[in-house]
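Below: one structure, written as structure tokens.
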Amino acid sequence: MTVHPTALVEEGASLAEGVEIGPWCMVGANAVLHVGVRLLSHVVIRGYTEIGARTVVHAHAVLGGEAQMHKANPADMRLRLGADNIVREGVTMSTGSAAGRGITQVGDHGYFMAGCHVAHDCIVGDHVTFSNGVQLGGHVQVGDGVIMGGLSAIQQFGRIGRHAFVSGVTGVVADVIPYGSVVGTHARLFGLNLVGLRRRGIPRPNIHALRAAYRMIFQTGEGTIHENARRAEELWPEVPEVRDVISFILADSKRPICPARGRHGNSKENR
């Protein structure tokens, strides 16, 4: 364990073997840093924050700040950041809130580029990539393998399904299906993230089934998205990727499903 002489580590902080704390960092009394965590410089760790093994945090990141809300109650609120993450300059991640789950959870192997914000009570999966300036509102859920372009933003309580792609400068106010690709000031589906599917080795027959299900759900011009999803469920019950999309659509949510380009985004159609 190495602590630079200019760093401030409050009594009570738990530092595992191999932790490195660089110049001008501040680590609060309730922080837990696992094996090999590196805080490069000017990093602030506040609140009940746990950082997983081998995660590297760059300059001016603030992890574990209290929820940014008018009625925040910071007592015992938590942030749990997983292992093997890269957190670049100026990233902020808030703890959970008393009004929500009480904890913000971020998975393993994520890459969070400069200026990103993960708000209170969010759940972020493994192997995500957040480009510069990505902003998550409170209570947002982001699945495994999601890629978010620079300056994109997700409204509070939104959901982004696993392995979806959100284009840069995209505002997302509705739920994005797993494997979907969205773009636009007010996001619309532009199809499936086919590049991501192929990179992850999804079998070609599964991709073909997923594309057919997508067309049925979003492009027939008949029925609601939910009605069409139930039809697709009957046709492709054995394809895991199709099941992912259908389960996501049929789950309870505070937001409608993001519509495809060319379809209107009214609540009757999307629910």
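The values are calculated or read from the model by the stated rules, or taken from the named source; none is laboratory data. This structure is a prediction, so every number in the text was calculated from the model and none was measured. So basically every Cβ, Gly included, is an ideal-geometry build from the backbone, and we count neighbours across all protein chains shown. Accessible surface is based on the protein model in full, side chains and every heavy atom, while ligands, DNA and RNA are left aside. Shrake-Rupley method; radii C 1.70, N 1.55, O 1.52, S 1.80 Å.
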Using only alpha carbon positions, build the gyration tensor of the chain, then give the equivalent ellipsoid semi-axes as the square roots of 5 times its eigenvalues, largest first, whole angstrom.
-> 38, 18, 15
Share of accessible surface on carbon and sulfur in the stretch 56-170, whole %, 1.4 Å probe and ligands ignored, is 52
Tail beyond 13 Å, pair distance distribution of the stretch 108-147 (Cα, percent) = 47
Averaged over all directions, how much area does the convex hull of the C-alpha atoms of the stretch 118-271 cover when projected, in nm²?
-> 8.1
Quote the convex hull volume per residue of the stretch 69-185, based on C-alpha atoms, as a whole number of Å³.
-> 83
By the scheme Lys and Arg +1, Asp and Glu -1, what is the net charge of all other residues having a beta-carbon under 14 Å from that of residue 30?
-> -2
Once the other residues with Cβ under 9 Å from the Cβ of residue 96 are scored (Lys, Arg +1; Asp, Glu -1), what is the net sum?
-> +1
Over its alpha-carbon atoms, the stretch 8-117 yields an Rg and a Dmax in Å of 12.6, 39
Note to self: with every protein chain in place and a 1.4 Å probe, the chain gives an accessible area per residue in Å² of 46
Helix-only CD estimate at 222 nm, as mean residue ellipticity for the chain, using -39500 (n - 2.57) per DSSP H run (n ≥ 4) = -5000 deg cm²/dmol
Volume in Å³ per residue [convex hull over Cα atoms, computed for the stretch 157-201] | 60
Dipole moment magnitude, nearest 20 debye, the stretch 2-119 about Cα centre, only Lys, Arg, Asp, Glu C-beta charged = 300
Between exposed GluC sites (Glu not before Pro) in the chain, where DSSP calls loop and at most 10 other Cβ atoms lie within 10 Å, what's the longest gap?
-> 18-221
Could you sort 1, 26, 77 by accessible area so the largest value comes first, with the probe set to 1.4 Å?
-> 1, 26, 77
